[in-house]
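Enquirer: Quick one: structure below, then a few questions.
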Amino acid sequence: HTSSMVGGLIGCSWAMVFAAGGFKVKLYDIAQQQLTSALENIRKQMKELEELGFLKGALSAEQQLALISICTDLRAAVEGAAFIQECTPENLELKKKIFSQLDLIVGDNVILSSSTSCLLPSKLFTGLKHVKQCIVSHPVNPPYFVPLVEIVPHPETDPSTIERTYALMKKIGQSPVKLNREIEGFVLNRLQYAVISEAWRLVGVCI
């Protein structure tokens, strides 16, 4: 199964993507109310998508919902997980704290992945015992509707971690792109910012 660290829209969307792919998902957060709200939001979205004919995967909404559970205990959340997707706010110290906690309790086969859109893997993972298992899987927000995912390795990430992450993303219906090494802003952000900047220039010219 996979574990997703709840972080609003991204965490819920990732959970839906993995459940659509047939994977068991454990949503983790320290706040029970946050988890309850997340699960209710997922239920509502899945039902609406099913009614509109846009639900992903071969399973029904109820079957997918049955694959998602919630947990406020980190050790229990990651037990048996093959892939952990962190989805907390873009705060370096918060993310480093979470990965330090995970580093103490995970085994040697689980992949530790971050949804960060701008923090470099070398900032997030350096010094961790399981650094070879660490990677950034940067989605387009929200990943349920936009399948592109940037896979960005730490300099010490094992090649097998990259390949396993790529294969998993393909399996759940995403469109992964592998970066050979980290770069400030990654590639997607830099291209998007350039397009947005030019769009605003065009607006200025046309007004």
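Enquirer: Quickly rank 145-152, 132-139, 42-49, 11-18 as a protection proxy: mean count of other C-beta atoms within 10 Å, highest first.
Expert: Ranked by mean Cβ neighbours within 10 Å, highest first: 11-18, 132-139, 145-152, 42-49.
Enquirer: Further question on the same structure: List the residue ranges in the chain for DSSP H helices whose C-alpha atoms run 15 angstrom or more along the long axis and whose Kyte-Doolittle average is 0.0 or above.
Expert: Taking the DSSP H segments of the chain (at least 15 Å long, mean hydropathy at least 0.0), we get 9-20, 92-105, 188-206.
Enquirer: Taking the Cα centre of the stretch 72-123 as origin and charging only Cβ (+1 Lys, Arg; -1 Asp, Glu), how large is the dipole, in debye to the nearest 20?
Expert: That gives a dipole near 160 debye.
Enquirer: As a quick test, which of the pairs 44/170; 95/129; 97/171; 26/129; 132/170; 24/123 have an alpha carbon distance above 19 angstrom in this structure?
Expert: Long pairs (Cα-Cα over 19 Å): 44/170; 97/171; 26/129; 132/170; 24/123.
Enquirer: Which value, in debye to the nearest 20, describes the size of the charge dipole of the chain about its Cα centre when Lys and Arg Cβ atoms bear +1, Asp and Glu Cβ atoms bear -1, and nothing else is charged?
Expert: The dipole of the chain has a size of about 200 debye.
Enquirer: Can you compute the helix-only [θ] at 222 nm over the chain? Use -39500 (n - 2.57) per DSSP H run of at least 4 residues, normalise by all residues, nearest 500 deg cm²/dmol.
Expert: -14000 deg cm²/dmol
Enquirer: Which value in nm describes the separation of the simple spin-label points at residue 82 and residue 44, placed 7 Å from the Cα toward the beta carbon?
Expert: According to this spin-label approximation, the distance is 3.3 nm.
Enquirer: From Cα pairs below 8 angstrom and at least 6 apart in sequence, can you work out the relative contact order of the stretch 1-119, rounded to a whole percent?
Expert: In percent, rounded to a whole number, it is 33.
Enquirer: Express the accessible area of the chain per residue in Å², computed with a 1.4 Å probe while the remaining protein chains stay in the model.
Expert: Value for the chain: 50 Å² per residue.
Enquirer: Leaving ligands, DNA and RNA out of it, report the carbon-plus-sulfur percent of the accessible area of the chain at a 1.4 Å probe.
Expert: 57
Enquirer: Using the basic label-point model (7 angstrom from Cα toward the beta carbon), what is the residue 178 to residue 108 distance in nanometres?
Expert: Reported label-point gap for residue 178 and residue 108 is 2.3 nm.
Enquirer: Let me ask something additional. Evaluate the relative contact order of the stretch 78-172 (contact order divided by residue number), counting alpha-carbon pairs under 8 angstrom at least 6 apart; express in whole percent.
Expert: For the stretch 78-172, the relative contact order is 23 percent.
Enquirer: Nearest 5 percent is fine: what portion of the DSSP beta bridges confined to the chain is antiparallel?
Expert: 20
The values are calculated or read from the model by the stated rules, or taken from the named source; none is laboratory data. For clarity, every value in this text was computed on a predicted model and none was experimentally measured. For neighbour counting, all protein chains shown are included, and Cβ atoms are generated from backbone atoms with ideal geometry for every residue, glycine included. Please note that ligands, DNA and RNA were not included when accessible areas were found on the heavy atoms of the full protein model with its side chains. Shrake-Rupley method; radii C 1.70, N 1.55, O 1.52, S 1.80 Å.
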